[in-house]
1. Give the residue that is surrounded by the most Cβ atoms within 10 Å (Cβ to Cβ), with candidates limited to residues of the range 100-112 that are more than 19 Å from residue 71 (Cα to Cα) and touching a strand residue (DSSP E or B) at 6+ places or on another chain (Cβ under 7 Å).
2. I need the strands (runs of 3 or more DSSP E) fully contained in the range 77-143, keeping only those with at least 3 residues that are more than 15 Å from residue 28 (Cα to Cα) and assigned by TED's automatic domain parsing to the domain that holds residue 170.
3. When the residues of the range 158-172 are narrowed to those that are assigned to a strand (DSSP E or B) and touching a helix residue (DSSP H, G or I) at 6+ places or on another chain (Cβ under 6 Å), which ends up nearest to residue 40 (Cα to Cα)?
4. For residue 76, are the conditions met, namely being surrounded by fewer than 22 Cβ atoms within 10 Å (Cβ to Cβ), at pLDDT below 90 and under 17 Å from the mean Cα position of the chain (by Cα)?
5. Only residues that are surrounded by 14 or more Cβ atoms within 10 Å (Cβ to Cβ) and either outside any helix (DSSP H, G or I) or not assigned by TED's automatic domain parsing to the domain that holds residue 167 (or both): list them for the range 13-50, please.
6. Residue by residue through the range 24-59, note down the ones that are in contact with a helix residue (DSSP H, G or I) (Cβ under 7 Å, 6 or more places away or on another chain) and over 17 Å from residue 156 (Cβ atoms).
7. Would a scan of the range 12-23 turn up a residue that is farther than 16 Å from residue 133 by Cβ and either at pLDDT below 90 or in contact with a helix residue (DSSP H, G or I) (Cβ under 9 Å, 6 or more places away or on another chain) (or both)?
8. For residue 129, all conditions in the list (1) out of contact with any strand residue (DSSP E or B) (no Cβ under 9 Å at 6 or more places or on another chain); (2) at pLDDT below 95 hold save one; what is the number of the exception?
């Protein structure tokens with residue numbers, strides 16, 4: 001991106017959106033097969049070119065020069081991406097993490113999975129100011145055993161031996177965590193500088209997925225007159241049948257209710273009779289013998 005001068009110097013978030021758009025479309029329609037062949041030099045050059053062009057033609061550049069922009073400052077102002085990409089789980093604050101925390105990237109990606117559709121890939125835009133890259137996670141519910149993770153970065157990373165923009169295919173989460181820790185190493189500070197340490201080690205991550213395609217409108221064909229009459233007759237018959245069934249149900253309920261009432265009255269009468277016999281015995285006990 002730096003080969004474009006000021007036009008590309010701060011276009012990394014836009015480039016990440018371009019990468020998310022293209023790779024999610026490929027994965028959702030084709031799956032992970034041949035992914036390593038797709039993520040070649042031509043692919044990387046294309047997303048960088050398109051991302052820089054989108055940045056230059058959007059309103060982002062007019063929002064204050066060429067300074068770095070976060071995803072929420074880019075996505076809403078770029079119809080090309082906003083019309084096809086949406087934040088997983090709905091609009092909400094970006095996920096937060098600290099590179100100084102052990103397993104920070106793993107924790108953030110676990111949260112991203114909780115927000116996302118488990119059957120589709122997730123593109124996580126990771127920003128540690130002033131740099132943004134893209135991490136592509138496989139679906140939580142995997143349909144293929146060999147479904148890799150991907151890092152797409154428009155910055156050179158000498159610590160990884162990568163002097164240009166790159167797309168890196170990774171087999172597992174542990175290796176992904178290690179690569180990201182090298183790209184965004186933790187910065188240590190002396191005791192008493194905790195606020196400064198948090199500021200320098202903070203990063204945010206926003207999970208994106210493709211917007212679902214709208215369901216086709218269902219048109220109910222008009223029925224011929226004869227069919228409509230038949231339908232009306234059938235409906236009337238159904239209503240009559242339902243009424244008959246309701247009457248039968250009511251009758252059955254009434255009979256059952258009468259049985260319960262009769263049984264209840266019989267039990268009450270038995271109790272009353274037993275009570276009367278007890279009173280009679282008591283009265284007889286009070287009468288002295290002759």
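1. 104
2. Result: 95-98, 122-128, 131-137.
3. 167
4. Taking the combined requirement at face value, the residue does not satisfy it.
5. 31, 32, 39
6. 26, 38, 50, 54, 55, 56, 58, 59
7. No: the range 12-23 contains no residue that is farther than 16 Å from residue 133 by Cβ and either at pLDDT below 90 or in contact with a helix residue (DSSP H, G or I) (Cβ under 9 Å, 6 or more places away or on another chain) (or both).
8. All conditions are met except number (1).
The values are calculated or read from the model by the stated rules, or taken from the named source; none is laboratory data. In this text the structure is predicted, and so the values were computed from the model without any measurement. Methodologically, a virtual Cβ is constructed for each residue, glycine included, from the backbone with ideal geometry; neighbour enumeration extends over all protein chains shown.
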